[in-house]
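**Student:** Take this structure, written in structure tokens, and hold onto it; I'll ask about it next.
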There are 2 protein chains.
Amino acid sequence: MRDIKRKGVTMNTIERWGMVEISAPGKTQGNPFTDYTCAATFTGKNETVVVDGFYDGGGTYKARFMPSFEGEYTYEISGTFGETRTGSFTAVSPTEGNHGPVRVAGQFHFCYEDASPYYPMGTTCYAWAHQPEAVRQQTLKELDQGYFNKMRFCVFPKHYIHNFRDPVTFPYEGTPVDNAGLSEENFSYQADFEGNHWDFTRFNPEHFRRIERCIVDLMDRGIEADIIVMHPYDRWGFSAMTPEQDDQYWKYVVARFAAYRNVWWSLANEYDLMVKKTLADWERYAKILCEKDPYRRLRSIHNCIHFYDHSRPWITHASLQRQDLYRHVEYTDEYRTRWGKPVVWDEIAYEGNIDMGWGNISGQELTRRFWEAALRGGYPGHGETFMDPEHDILWWSHGGPLHGESPARIRFLHEILQQTPGHGLRLAQGSFDETVAVPDGVHFLASPASGYEIHYYGFGRPSFRDFIKPEGQWQVEVVDTWEMTVTGAGVHTGKFRIPLPGKEYMALRLTRVE
Amino acid sequence: MRDIKRKGVTMNTIERWGMVEISAPGKTQGNPFTDYTCAATFTGKNETVVVDGFYDGGGTYKARFMPSFEGEYTYEISGTFGETRTGSFTAVSPTEGNHGPVRVAGQFHFCYEDASPYYPMGTTCYAWAHQPEAVRQQTLKELDQGYFNKMRFCVFPKHYIHNFRDPVTFPYEGTPVDNAGLSEENFSYQADFEGNHWDFTRFNPEHFRRIERCIVDLMDRGIEADIIVMHPYDRWGFSAMTPEQDDQYWKYVVARFAAYRNVWWSLANEYDLMVKKTLADWERYAKILCEKDPYRRLRSIHNCIHFYDHSRPWITHASLQRQDLYRHVEYTDEYRTRWGKPVVWDEIAYEGNIDMGWGNISGQELTRRFWEAALRGGYPGHGETFMDPEHDILWWSHGGPLHGESPARIRFLHEILQQTPGHGLRLAQGSFDETVAVPDGVHFLASPASGYEIHYYGFGRPSFRDFIKPEGQWQVEVVDTWEMTVTGAGVHTGKFRIPLPGKEYMALRLTRVE
């Protein structure tokens, strides 16, 4: 066995929620990806988990496991691939910063498995895993700033404007269509797949190892890896494989990635643009995922125009792209009610200056959307698309350096959310020209003494606001969401007036102190 | 007879669409407002118009008329009020700047009766007619700048925050409730009317003459007078009169004001807050208006929360207040389709910094709303609410000095609209991340060579935009809606790219030149 020796955990021990990897040599004749079986069983006091193994190239078969409990475990890896092997290890208490996988908390929020709250502040770098190492390191350097705690990215390479370079590796053995002469000028959303030569029965393990390095790099930074398993931006044919090829791909992905505690499954980005896939296909992939992932990692499917039916039982949370240019995150509370699940806004337009409307809003406007979504009890997502004529490196696709003003404000919002009593916020009833949030689970009108309220004024610019608090003493703080300051404004009771600077993006926080 | 001797028109002649006023002495015994009849008939080659006269105090009865045609007219004023009088006059060609009353043009737009287009760029100063003369002169000085061509204001005085001072005159004989001690602290939307002593059968003509001076001052500046006949902000009981009192008021208002060519009728501001009035009341007022106003002046009724049924036949255009904080003028095209009438956004939040969300948006945001509304073929309205602790003079209510940044941009938009081929714009089909307007009546998709397009990017910040124009040569202009500049960007055909500065509030105008 080869376990993960990270953060000072010694051989043959693994931290709870760490990743255990069993390696075994095996047959190489024929097609090792398809011709042999390989499975492993992990048994501890509190759980027995059976997982699929996978061929990792070079005559090596592997199986991976995440222990959900502390204590002794035994394992056995067996199948037609080669000789059965057994062994044991001890799962010990988690190291600092390891809170376990993220779960849905209550109905609309998230927490880690150790019950500490998790407030998603996601970003998107679709193709960062496919970039040269220098760019990947730039990305990690930005992520070190703690702006985000979730990252969406693709397994398959991406073909799209600003994305005509080939990836560093491809997921299958074979050769790609020539990318010479590709440009925005001749870009089409409906590529034909002539000129590719792939063996869809033989994966390229190095491609998947590169994805795994990304997953681990994110894990090390406390960032969830929201893996986009399929997507439509394709000139290679990965979006147009047969059902059998798709299923083989799904099983390989799950066998390789599922044991990483920070993995989330996004079945697709813009599933509704994948013209070769039917509703039955999506439901079949979901079935594979539910059967093969023993950890019940978070599952979603992201739209372009039309929402998937997020009431489907396998969907853990709604991963949304806005459907309107003007009103979107402001529907958060309605969508919560519609689906009874957490609402994660994974695309609400990006800070930038490209030609497309989805990629050229200001840092102020993106920050405003973050606040509107978060205060309504949903979770907003970041992206950045600034023109870079010299290198054509745009965060939304490649990662690389950040240029925008919103990331620091997003981190500030996260700090505010971390101060929430309980596990999340929700829109208070009775708001009219402000967005008023209270801790979720507290009924605002029935319980005016809920004790914690955030009043957000968005693009409004009030010079003051009046309050009536017949009961209790209330500490008031002025929150400048753009300047990222929290300023005390005294303790008040009864009818009182709080002065404000008459500018945009201000909030007030009221906390009952007695 | 006493005609209007303005702009050099001589005695016994009146310009077409001017106002003719007949005066006659009459009885003063009893109640001259109710005890006698008075009507006048005006006869020319092309029209015979019968109007109600009215008592103007001091033993004088009057009747007013607007000739819709040039040529000879005779008149007769008669009734139980006194002796019949007859006379004649000549209606001559209109003076410069007199284009006649505004009518609905086609389905969704407006033009003057001389067929020249009219693009409403309204503002609201609810109570400006009730202010001391010094404030009224400040208002007129601002209006001289040509920012607006429509003004909404009330006949009845207004009781509301920032509006606790008594009006200069009251509409009825009697005495008002004491206003001492009134403040925002004790303001209520539901005033009781104790302490007032009015004779609702006796008007105060001076109050109405003051309104008429305002109407004429607007007319002199080419500004339509959108008269709000009823409203709910009341501590005097004017919103809670009996049906008989209401009807007497409506007839008096129509008899006095209808002959001014720039009058529009707004039945109410926020009719749905007038708790004492029923749907039957509003329909009865509309019936009076339709019967008594021989000029068919524009008629609307303005909501707070709930739209009136703007499909009612007596309604000439939808006068709307936004129903949502975030998306509002962007519904313009939907509302046009819903009611098949012009859409006038008379309240879309005001530039300012008061505490309320309806009165604290930025000049940038209000200007953006103007462009979004106008390019969708609707007509937006301005208001301004900046705090003024010293004088408590806020444009939205009192008039006075303007402080905001939007008025100059509104005037600029009006200049752009005046360059529209035809009578107005409409949203082009196929827009996604831009608001694209074409001349109304031209089908965009069926006729790509419509020859005139405005592409507006709102809060988007594109660094460039690409176009495909297979046919024709297109002159492109970059319009900075905030800096109020129009800059040539060459003549293009086929596939071409236009650079933009990557900032908000930009538009492109494409005009086919061959």
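The values are calculated or read from the model by the stated rules, or taken from the named source; none is laboratory data. Because the structure is a prediction, the values reported are computed rather than measured. Neighbour counts are summed over all protein chains in view; Cβ atoms, including those assigned to glycine, are modelled from backbone coordinates with ideal geometry. Areas reflect the complete protein model, heavy atoms only, side chains present, ligands, DNA and RNA absent. Shrake-Rupley method; radii C 1.70, N 1.55, O 1.52, S 1.80 Å.
**Student:** Comparing the chain by itself with all protein chains present, which residues of the range B:459-475 are at least 40 Å² less accessible (probe 1.4 Å)?
**Tutor:** When all protein chains are present, B:Phe459, B:Arg461, B:Ser463, B:Phe464 each give up 40 Å² or more of accessible surface.
**Student:** Ok, one more. In square nanometres, what is the average projected area of the Cα convex hull of the protein assembly as shown?
**Tutor:** 46.4
**Student:** Continuing with the same structure: Can you pull the one-decimal nm distance between simple spin-label points at A:Tyr189 and B:Val275, each 7 Å off the Cα toward Cβ?
**Tutor:** Between A:Tyr189 and B:Val275, the label points sit 5.2 nm apart.
**Student:** Okay, moving on. With +1 on each Lys and Arg Cβ and -1 on each Asp and Glu Cβ, how big is the dipole of chain A about its Cα centre, in debye rounded to the nearest 20?
**Tutor:** Approximately 1260 debye in magnitude.
**Student:** With the cut-off at 23 Å, tell me which of the pairs A:Lys158/A:Lys287; A:Lys62/A:Lys158; B:Lys341/B:Lys469; A:Lys495/B:Lys158; A:Lys27/A:Lys62 have Cα atoms farther apart than that.
**Tutor:** A:Lys158/A:Lys287; A:Lys62/A:Lys158; B:Lys341/B:Lys469; A:Lys495/B:Lys158
**Student:** To the nearest whole number, what is the average tally of beta carbon atoms from other chains within 10 Å of the beta carbons of peptide A:361-367?
**Tutor:** 2
**Student:** Round to a whole number: what % of the accessible area of chain B belongs to carbon and sulfur, probe 1.4 Å?
**Tutor:** With neighbouring chains kept in place, the figure for chain B is 50 percent.
**Student:** When the Kirkwood hydrodynamic radius is evaluated over all pairs of different C-alpha atoms of the range A:265-348, what value in angstrom, to one decimal, is obtained?
**Tutor:** Radius from the Kirkwood sum: 13.3 Å.
**Student:** Then there's this: Between A:Lys495 and A:Ser116, what is the label-to-label distance in nm when each label sits 7 Å out along the Cα-to-Cβ direction?
**Tutor:** 4.6
**Student:** Long-range amide H contacts for B:Asn196: which residues qualify at under 5 Å (H placed 1.01 Å from N, peptide plane, sequence gap of 5 or more or a different chain)?
**Tutor:** B:Val177
**Student:** Using alpha-carbon positions, what is the distance between the centroids of the range B:389-428 and the range B:299-351, in Å?
**Tutor:** For the range B:389-428 versus the range B:299-351, the Cα centre distance is 18 Å.
**Student:** Please give me the summed charge of the neighbours of A:Met484: other residues whose Cβ is under 10 Å from its Cβ, Lys and Arg +1, Asp and Glu -1.
**Tutor:** -1
**Student:** Considering only B:Leu279, B:Gly222, B:Gly383, whose Cα is most displaced toward the positive end of the charge dipole of the protein assembly as shown, charges sitting on Cβ of Lys, Arg (+1) and Asp, Glu (-1)?
**Tutor:** Towards the positive end, the residue furthest out is B:Leu279.
**Student:** Give the peptides A:177-187, A:493-503, A:34-44 in descending order of average Cβ contacts within 10 Å, highest first.
**Tutor:** Values: A:177-187: 11.3, A:493-503: 15.3, A:34-44: 17.4.
So the order, starting with the most tightly packed, is A:34-44, A:493-503, A:177-187.
**Student:** Within 10 Å of each Cβ in peptide A:320-331, how many partner chain Cβ atoms are there on average? Round it to a whole number, please.
**Tutor:** For peptide A:320-331, the averaged partner shielding equals 3.
**Student:** Follow-up question, since we're still on this one. Rounded to the nearest 20 Debye, what is the dipole magnitude of the protein assembly as shown about its Cα centre when Lys and Arg each give +1 and Asp and Glu each give -1 at the C-beta?
**Tutor:** In total the dipole reaches around 680 debye.
**Student:** Roughly how much accessible area, to the nearest 100 Å², goes out of reach of solvent when B and A pair up, both sides summed, probe 1.4 Å?
**Tutor:** In total, this chain pair buries about 3200 Å².
**Student:** May I pose another question? What size of dipole, in debye to the nearest 20, comes out for the range B:395-514 about its Cα centre when the only charges are +1 on Lys and Arg C-beta atoms and -1 on Asp and Glu C-beta atoms? Display every interim value, and only then the final one.
**Tutor:** Working: 11 positive and 13 negative charges, 22 e Å.
Dipole magnitude for the range B:395-514 comes out near 100 debye.
**Student:** Further question: Using a 1.4 Å probe, what is the accessible area per residue for chain B, in Å²? The partial results should precede the final answer.
**Tutor:** Working: 18450 Å² over 514 residues.
Per-residue value: 36 Å².
**Student:** For the range A:36-84 and the range B:444-513, what is the separation of their C-alpha centers, rounded to whole Å?
**Tutor:** Spelled out, the Cα-based centre of one part sits 61 Å from the other.
**Student:** Put +1 on the Cβ of every Lys and Arg and -1 on every Asp and Glu Cβ in the range A:199-284; which of A:Tyr252, A:Met241, A:Asn204 then has its Cα farthest towards the positive end of the dipole?
**Tutor:** Checking the options against the dipole of the range A:199-284, the answer is A:Asn204.
**Student:** Per-residue counts of other Cβ atoms within 10 Å, averaged by peptide: what ranking do you get for B:465-474, B:144-153, B:202-211, highest first?
**Tutor:** The most tightly packed comes first, giving B:144-153, B:202-211, B:465-474.
**Student:** Then there's this: Report the gain in length on full extension from A:Thr28 to A:Phe69: 0.36 nm times residue separation, minus Cα-Cα distance, nm rounded to one decimal.
**Tutor:** Values: separation 41, 0.36 × 41 = 14.76 nm, distance 3.53 nm.
Fully extending the segment from A:Thr28 to A:Phe69 adds 11.2 nm.
**Student:** If R₀ is 22 angstrom, what is the calculated FRET efficiency for the pair A:Gln107 and A:Gln419, using the beta carbon separation as r and rounding to 0.05? If you can, show how the numbers build up before the last one.
**Tutor:** Working: r = 22 Å, r/R0 = 0.98.
The calculated FRET efficiency here is 0.55.
**Student:** What residues have an amide H closer than 5 Å to that of A:Met121, excluding those fewer than 5 places away on the same chain, when H is modeled at 1.01 Å from N in the peptide plane?
**Tutor:** A:Asn149, A:Lys150
**Student:** Next question. Once R0 is set to 35 Å, what does the formula 1/(1 + (r/R0)^6) return for the Cβ-Cβ distance between B:Asp388 and A:Gln145, expressed as a FRET efficiency to the nearest 0.05? Working shown, then result.
**Tutor:** Values: r = 44 Å, r/R0 = 1.26.
Between B:Asp388 and A:Gln145 the formula returns 0.20.
**Student:** What distance in nm separates the simple spin-label points at A:Thr86 and B:Ala408, each placed 7 Å from Cα in the Cβ direction?
**Tutor:** For A:Thr86 paired with B:Ala408, the spin-label model returns 8.6 nm.
**Student:** Same structure again: Which entries in the list B:Lys141/B:Lys503; A:Lys503/B:Lys503; A:Lys141/A:Lys292 go over 24 Å, if you measure between the two C-alpha atoms of each?
**Tutor:** Those over the limit are B:Lys141/B:Lys503; A:Lys141/A:Lys292.
**Student:** Something else about it: If you average the alpha carbon positions of the range B:112-149 and of the range B:162-240, how far apart do those two centres end up, in angstrom?
**Tutor:** Their Cα centres are 19 Å away from one another.
**Student:** Next question. Give me, ordered by chain and number, the residues 5 or more places off A:Tyr172 or on other chains with an amide H under 5 Å from its own placed amide H.
**Tutor:** The list, which skips near neighbours in sequence, is A:Asn204.
**Student:** I would also like to ask the following. Can you compute 3J(HN,Hα) from phi for each residue in the range A:46-62, using the Karplus curve 6.51 cos²θ - 1.76 cosθ + 1.60 with θ = phi - 60°, rounded to whole Hz and x for Gly and Pro?
**Tutor:** 9, 7, 10, 10, 9, 10, 6, x, 8, 8, 10, x, x, x, 10, 9, 9
**Student:** Per DSSP H run of at least 4 residues, take -39500 (n - 2.57); add these up for chain B, divide by its residues and hand me the 222 nm value, nearest 500 deg cm²/dmol.
**Tutor:** -5500 deg cm²/dmol
**Student:** Next question. Taking R0 as 35 Å, what's the FRET efficiency between B:Thr13 and B:Lys251 from their Cβ-Cβ distance, rounded to 0.05? List each step's numbers first, then the result.
**Tutor:** Values: r = 30 Å, r/R0 = 0.85.
Efficiency, from the Cβ-Cβ distance: 0.75.
**Student:** Which residue, chosen from B:Asn46, B:Thr60, B:Tyr36, occupies the Cα position most advanced towards the positive end of the dipole of chain B, where the dipole is computed from +1 (Lys, Arg) and -1 (Asp, Glu) charges on Cβ about the Cα centre?
**Tutor:** Towards the positive end, the residue furthest out is B:Asn46.
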